[in-house]
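Single-structure report; data block below.
The values are calculated or read from the model by the stated rules, or taken from the named source; none is laboratory data. What you see is a predicted model, and the numbers here were worked out from it, not measured in a lab. Cβ coordinates were reconstructed from backbone atoms using ideal geometry, including for glycine residues, and neighbour counts include every protein chain displayed. Ligands, DNA and RNA are stripped out before the accessible areas are found, and what is left, the full protein with its side chains, is counted by its heavy atoms. Shrake-Rupley method; radii C 1.70, N 1.55, O 1.52, S 1.80 Å.
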Amino acid sequence: MSDDVRVWIDQKLCTGDGLCIQYAPEVFEFGGDGLAYVKEHADGERLSEAGARADVPEALRLEVIDAADGCPGNCIHVVRREDGAEIAGPDAN
Amino acid sequence: MSVSIESQPRLTGQTPWFEGDVPAEAVPEKYRLDRAYVPKGRYLDPEFLKLELEKVFTRTWLVACREEELPGVGNYVEYEIGSHSVIVVRESRTAVSAYYNACRHRGTRLAKGRGRVGSLICPFHGWRWNLDGSIRLVLDREEFVPRTDEDLGLVRVRAETWGGFVFITMDPNAMPLLEYLDPIPRIFEPFQYQNMRIRWQKGVILPCNWKTALDGFLEAYHVAGTHPQLFRFDKSNTNIASLAELENRVWSPTTTYERHAHYSSIGQKKNTSADAGKDPTARGTNDVVDPRLSVALSVQYIADDMRGLENDRSWRAAQALKTAEVPEGMNAGEYMLQLYRELSVAEGYDWPEIPAEKWADAGTAWNVFPNTILLPNQGSSFMYRARPNGDDPDSCVFEIFSLDQVPVADYGRKRDHQPEFFEDFRDADLGEVFTQDLMNAKEVTVGMHSPSFDGHRLSEDQEMTIYNHHRVADRYLWSE
Ligand code: FES
Ligand SMILES: [Fe+2]
């Protein structure tokens, strides 16, 4: 199975801390509401819909997983692209 | 940055004095230094500790942490000194900043220990700051008297780096770090501290004054008395040294600069002179006829017992030396260094040959005023740091950092780091040599409290590092 992952944020739980943006500014960005959102490219538009999913470039996979592990709101979900299984975040085992 | 060159060092054999020192009359009699003499009140009086905390620790540059402890943006380390807490944080890929660790609302400490955050969030009412210290969020801000963002921003503590160490000072008018450290950055340049990383870090509580903890590492005059096994073939024999062994004791004269000082272990007292310098090829084990074995055993004992200063490569080089054919015109110590260099280069380390005069300038161990000691060495080093423990002059927090140079390919690699802490040093698994040193802490303290004892009577040859600390401290203690 490939290691490719996608990431999404449960904005209802986001604390606005910004730790994820320190880990991977290419993937995470603050919206005007102070909550974090995901994007697919470093200079791309952030996906402003709540819970939107973005593909994570291979080179940033570990950073994104660290962001999910350290997130104070515990609201970043990292899922395997192939089968949707959560590998980091509140629903990972 | 331009660095002013310090006045010439004071060499061994005299009590140091430098232009600009505080005159004796300016110092209260009970704390007054005399020739090679330090009164005990400077260690035992709570009032003196209070003065140190007010006047020395707030005005000097202090090692807060290593840069590798702050690998990513948002990583922070809390540094506590006296009743103050300072937070050191990586603000961006290229900048490390420090702030007083206190909320602008009602003062609450913002962050403890170490960790990684996206912003600093007060645990009490949730005010928030960006990593650059600017205020990001005040709940119900309209209910407060109008205040500027500047007034609500975190208050900076100066932070500067040298050799991979992050230093802070609470004095906004302190001289720049490199000037303060002079001549250390110049003399330490060959040893590449910026390319070292922490192998291990252990902190312990010691039942002694913070300066007593450091004094035990600021001279090697104690080696014959405290570490009798160091030069023995049988390292498990820790019986007190025989008179014949004392005959062969090493001699370690001290050199003092305007602010910092060091000692140099330069060989046996009976065969050496004051103008000899530290020579890394001159080491060995008494009563071992084969000089290869003599050198190798010394290296391997330090590597195995202290787990620092030496490392796995020097251990292997020493192993190879035991049976090696030492080339014509070289002694075993020189060949040891060559084998170590060859291994290091082959394994990807930047390993220039360091000329003898640079080793001699560097000596063995430096007091980085006020509360740090560094042992200059190629490849691996120790740093010791001591801080007062609360307001008890008879208790301190003492830490050992074992540092290793890393291969060139790993300069950019992030590493996990977890310091260890022990209430009792006997639980810290520090090895025989450190344990012997730390056992002295309590004994010195108990004895100093005796009414019969008035102060330290120091060797003008081998203990002026200790005197020098007090001489420099006087400049901070008794001036405005
Ligand atoms: S004390 Fe920090 S927000 Fe109130
Ligand atoms: Fe010692």
Residues of region A:27-43 classified as at negative phi and touching a Gly at 6+ places or on another chain (Cβ under 9 Å), total: 6
Which condition from (1) within 13 Å of ligand 1 (Cβ to nearest atom); (2) within 30 Å of B:L51 (Cβ to Cβ); (3) crowded, with 19+ Cβ neighbours inside 10 Å is the one that B:A102 breaks? (3)
Consider A:V38 carefully, then state whether it is out of contact with any Ser or Thr (no Cβ under 9 Å at 6 or more places or on another chain), surrounded by 19 or more Cβ atoms within 10 Å (Cβ to Cβ) and away from every other protein chain (no Cβ under 14 Å). yes
Can we say A:L13 is open to solvent by 30 Å² or more (accessible area, probe 1.4 Å) and within 14 Å of chain B (Cβ to nearest Cβ)? no
Inter-residue pairs, beta-carbon under 7 Å, first at the interface with chain A (Cβ under 10 Å from one of its Cβ atoms) and closer than 20 Å to B:V157 by Cβ and in region B:114-132, second open to solvent by less than 20 Å² (accessible area, probe 1.4 Å) and among the polar types (S, T, N, Q), 6+ apart: B:R128/B:S119; B:N130/B:S119; B:L131/B:S119
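Confirm whether B:K55 is away from ligand 1 (no atom under 16 Å from the Cβ) and of a type outside the set (A, V, I, L, M, F, W, C). Walk me through it before giving the result.
On the way: away from ligand 1 (no atom under 16 Å from the Cβ): yes; of a type outside the set (A, V, I, L, M, F, W, C): yes.
So B:K55 fits the description; yes.
Of the residues B:V166, B:V145, only one is of a type in the set (V, I, T) and within 29 Å of the chain's Cα centre (by Cα); which? Reasoning before the result, please.
On the way: B:V145 fails: within 29 Å of the chain's Cα centre (by Cα).
Among B:V166, B:V145, only B:V166 is of a type in the set (V, I, T) and within 29 Å of the chain's Cα centre (by Cα).
From B:T238, B:T212, which residue is in a loop (DSSP other than H, G, I, E, B) and either more than 16 Å from ligand 2 (Cβ to nearest atom) or assigned by TED's automatic domain parsing to the domain that holds B:M448 (or both)? Before you say what the answer is, go through the steps one by one.
Values: B:T212 fails: in a loop (DSSP other than H, G, I, E, B).
Selected residue: B:T238, the only one of B:T238, B:T212 that is in a loop (DSSP other than H, G, I, E, B) and either more than 16 Å from ligand 2 (Cβ to nearest atom) or assigned by TED's automatic domain parsing to the domain that holds B:M448 (or both).
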For B:T254, all conditions in the list (1) outside the structural domain of B:V77 (by TED's automatic domain parsing); (2) open to solvent by 30 Å² or more (accessible area, probe 1.4 Å) hold save one; what is the number of the exception? (2)
Filter region B:257-277 for residues that are at pLDDT below 80, of a type outside the set (G, A, S) and assigned to a loop (DSSP other than H, G, I, E, B); which is surrounded by the fewest Cβ atoms within 10 Å (Cβ to Cβ)? B:D275
Among the residues of region B:60-75, write down those that are surrounded by 17 or more Cβ atoms within 10 Å (Cβ to Cβ) and over 18 Å from the mean Cα position of the chain (by Cα). B:L70, B:V73, B:G74, B:N75
Qualifying residue in region B:85-99 (condition: within 14 Å of chain A (Cβ to nearest Cβ) and more than 27 Å from the chain's Cα centre (by Cα)): yes
Strands (runs of 3 or more DSSP E) wholly in region B:348-411 with at least 1 residues that are in contact (Cβ under 8 Å) with a residue 60 or more places away in the chain, open to solvent by less than 20 Å² (accessible area, probe 1.4 Å) and touching a Ser or Thr at 6+ places or on another chain (Cβ under 6 Å) - which ones? B:365-368, B:380-389, B:392-405
Specify which of the listed residues (B:S452, B:S395) is more than 16 Å from ligand 1 (Cβ to nearest atom), touching a Cys at 6+ places or on another chain (Cβ under 9 Å), more than 26 Å from B:K269 (Cα to Cα) and more than 14 Å from chain A (Cβ to nearest Cβ). B:S395
